[in-house]
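Below you'll find the structure I mean.
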Amino acid sequence: MKAHQNVFSRLALSVSIVVLVTLFAGEASASCFSEGSRLNAARSQFSPHAAGGGSDEREHSNASIVGLWKADFLIGSGPDLFDQAFQQFHSDGTELMLSRGLPPSLGNVCIGIWQRTGPRTYKLKHTAWNWTTDGSFAGTFIMQATFRLSRSGDSFTGTWQADSFDTSGALIPDQHFEGTARATRVGME
């Protein structure tokens, strides 16, 4: 019986490792090929985020929002900070954020979806659950944003607006905020 349990434990561990590797292994945004390679040209041709080609293609061919960013969300044009976050844009059109605006116990992890809407321009729909300080579910939070990537691809700026909704889905009017955003790419250096 003990040998059977040992085999089962090893099998469960192996399956867990395969599942974790599969979950965390995404298509890397960095490539050993140059941007002009046929592989990258083929990828961008079928990307769900690619804007229509045209004469502006050279302007945004090297710029991508995919990667890790340190972002500041300012109320209005600032200087008051609404939130600061580490924000990860994935090549599949999803986004993950770790917000400094809330402690982990109140849900500082948010997710979203993004798409390219033009040369170096991106739209984001960012969502999270809202919680009360005693840990009760309070509703949802939705942020809509538009970002414009710098020509170098190392920073972006944009505008955002955020709303909270109660547990029945009704808008909470005094929880509407909007402003500007600025971010810098987090690199390996």
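The values are calculated or read from the model by the stated rules, or taken from the named source; none is laboratory data. It should be emphasised that the depicted structure is a prediction, and the values quoted were computed from it without experimental measurement. Here the Cβ is made from the backbone with ideal geometry for all residues, glycine too, and neighbour counts use every protein chain on show.
Go over the candidates Thr132, Thr94 one by one and state the one that is at pLDDT 95 or above, exposed (fewer than 15 other Cβ atoms within 10 Å of the Cβ) and out of contact with any Pro (no Cβ under 6 Å at 6 or more places or on another chain). Working first, answer last.
Details: Thr132 fails: at pLDDT 95 or above.
None of the other options fit; the residue is Thr94.
Look at Gln84 and say whether it is surrounded by fewer than 19 Cβ atoms within 10 Å (Cβ to Cβ) and touching a residue at least 40 places away in the same chain (Cβ under 8 Å).
Working: surrounded by fewer than 19 Cβ atoms within 10 Å (Cβ to Cβ): yes; touching a residue at least 40 places away in the same chain (Cβ under 8 Å): no.
In short, no.
For (1) in contact with a Phe, Trp or Tyr (Cβ under 8 Å, 6 or more places away or on another chain); (2) among the polar types (S, T, N, Q); (3) farther than 14 Å from Thr127 by Cα, each residue gets a yes or a no:
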residue	(1), (2), (3)
Phe73	yes, no, yes
Asp80	no, no, yes
Phe86	yes, no, yes
Leu96	no, no, no
Arg100	no, no, yes
Gly107	yes, no, no
Gln115	yes, yes, yes
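Show the residue pairs that are 6+ apart or on different chains and have beta-carbon atoms under 6 Å apart, the first residue being within region 126-151 and on the phi > 0 side of the Ramachandran plot, the second being loosely packed, with under 13 Cβ neighbours inside 10 Å.
Gly139/Thr167
In region 158-189, what residues are within 15 Å of the chain's Cα centre (by Cα) and either closer than 18 Å to Ser77 by Cα or not aliphatic (A, V, I, L, M) (or both)? Spell out how you get there, then give the answer.
We begin by selecting, within region 158-189, every residue within 15 Å of the chain's Cα centre (by Cα); these are 158, 160, 181-186.
Those that are within 15 Å of the chain's Cα centre (by Cα) and either closer than 18 Å to Ser77 by Cα or not aliphatic (A, V, I, L, M) (or both): Gly158, Trp160, Ala181, Arg182, Ala183, Thr184, Arg185.
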